[in-house]
């Protein structure tokens with residue numbers, strides 16, 4: 001069986017859920033790391049209190065930076081859910097059908113403001129191939145079904 005590259009048009013349906021799990025796991029691991037580092041620092045006891053305070057500042061900055069990055073990833077995963085096709089289909093744009101030509105090219109059929117748009121999509125381009133009014137589209141379909 002031939003190894004083919006993944007289809008870039010299809011994303012994992014629950015990828016945002018996985019991002020949330022990874023964020024929570026990362027925050028938990030970072031909290032454990034902070035507790036371990038602070039415990040190791042307090043067990044050493046050989047440094048003076050001013051040196052200990054200076055080294056703890058770096059630890060806290062690292063902790064806050066990484067945890068804030070994980071919180072940002074969590075926020076993006078929530079935003080990704082809100083930006084899905086379902087939200088777009090409630091507006092004046094409806095995705096009617098997609099046809100995969102190969103792993104990198106696709107035909108897209110959209111309904112936009114009472115018009116039918118046929119688009120070709122590749123990894124780098126999106127081209128409008130044709131536009132039809134809904135009445136033209138239905139009459140063409142009826143003519144094809146009669147033949």
Return yes when residue 10 is under 26 Å from the mean Cα position of the chain (by Cα), in a loop (DSSP other than H, G, I, E, B) and modelled with pLDDT under 80 and no when it is not.
yes
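This table checks each residue for (1) modelled with pLDDT under 70; (2) exposed (fewer than 10 other Cβ atoms within 10 Å of the Cβ).
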position	(1), (2)
43	yes, yes
50	yes, yes
55	yes, no
65	no, no
77	no, no
Checking the conditions here, which among 131, 94 is outside the structural domain of residue 29 (by TED's automatic domain parsing), at pLDDT 75 or above, in contact with a strand residue (DSSP E or B) (Cβ under 7 Å, 6 or more places away or on another chain) and under 30 Å from residue 18 (Cβ atoms)?
94
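The values are calculated or read from the model by the stated rules, or taken from the named source; none is laboratory data. Since we're looking at a predicted model, the values are computed, not measured. So basically every Cβ, Gly included, is an ideal-geometry build from the backbone, and we count neighbours across all protein chains shown.
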